[in-house]
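Written below as structure tokens is the structure these notes are about.
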Amino acid sequence: MENSTAGWTFADSAAIEWNDVGPGIAMKMLGGADGRVIAMFKFDAGFVGGVHDHSDAEFTYVLDGSIVSNGVLMEAGHSYAVGAGTTHSEFRTETGCTVISVFPMPG
């Protein structure tokens, strides 16, 4: 059987530039398929995110540093999955952190 890469996207995160997406946030878009994307985010020390609702599921894995998400301290190796219809009322990092997230493709 021969392997096929049709429909696949491969990325080398080391070869992708960081893009500033807001004060204290940089992003690397790693790929997308079927209405979802996978991206790496870097948050500067002291970053505090705004309250927002999730209209769809989101998945996040902490690569380094630490964050507090909805009152839960998360460090490297920790993850969260959040369902549609939830509110992200707290997202902050005192140390700075890097995460990988999977979420709906921006409109």
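The values are calculated or read from the model by the stated rules, or taken from the named source; none is laboratory data. In this text, all values refer to a predicted model and were calculated from it rather than measured experimentally. Note: ideal-geometry Cβ built from the backbone for every residue, glycine included; neighbour counts use all protein chains shown.
I need the full set of residues from the stretch 92-102 which are surrounded by 15 or more Cβ atoms within 10 Å (Cβ to Cβ) and either modelled with pLDDT under 95 or part of a loop (DSSP other than H, G, I, E, B) (or both), in order please. Those that are surrounded by 15 or more Cβ atoms within 10 Å (Cβ to Cβ) and either modelled with pLDDT under 95 or part of a loop (DSSP other than H, G, I, E, B) (or both): Thr93, Gly96.
Summed over the stretch 72-91, the residues that are assigned to a strand (DSSP E or B) and among the acidic types (Asp, Glu) give a count of 1. For the stretch 61-71, the set of residues classified as over 13 Å from the mean Cα position of the chain (by Cα) and either aliphatic (A, V, I, L, M) or in a strand (DSSP E or B) (or both) consists of Gly65, Ser66, Val68, listed by residue number. Any residue at all in the stretch 21-34 that is over 12 Å from the mean Cα position of the chain (by Cα), touching a residue at least 60 places away in the same chain (Cβ under 8 Å) and surrounded by 13 or more Cβ atoms within 10 Å (Cβ to Cβ)? Yes, the conditions are met somewhere in the stretch 21-34.
Looking at the stretch 39-50, can you tell me whether even one residue there is within 20 Å of Pro106 (Cα to Cα) and modelled with pLDDT under 95? There is at least one residue in the stretch 39-50 that is within 20 Å of Pro106 (Cα to Cα) and modelled with pLDDT under 95. Screening Phe47 against (1) farther than 20 Å from Trp18 by Cβ; (2) of a type in the set (A, V, I, L, M, F, W, C); (3) more than 14 Å from the chain's Cα centre (by Cα); (4) surrounded by 12 or more Cβ atoms within 10 Å (Cβ to Cβ) leaves a single unmet condition, (1).
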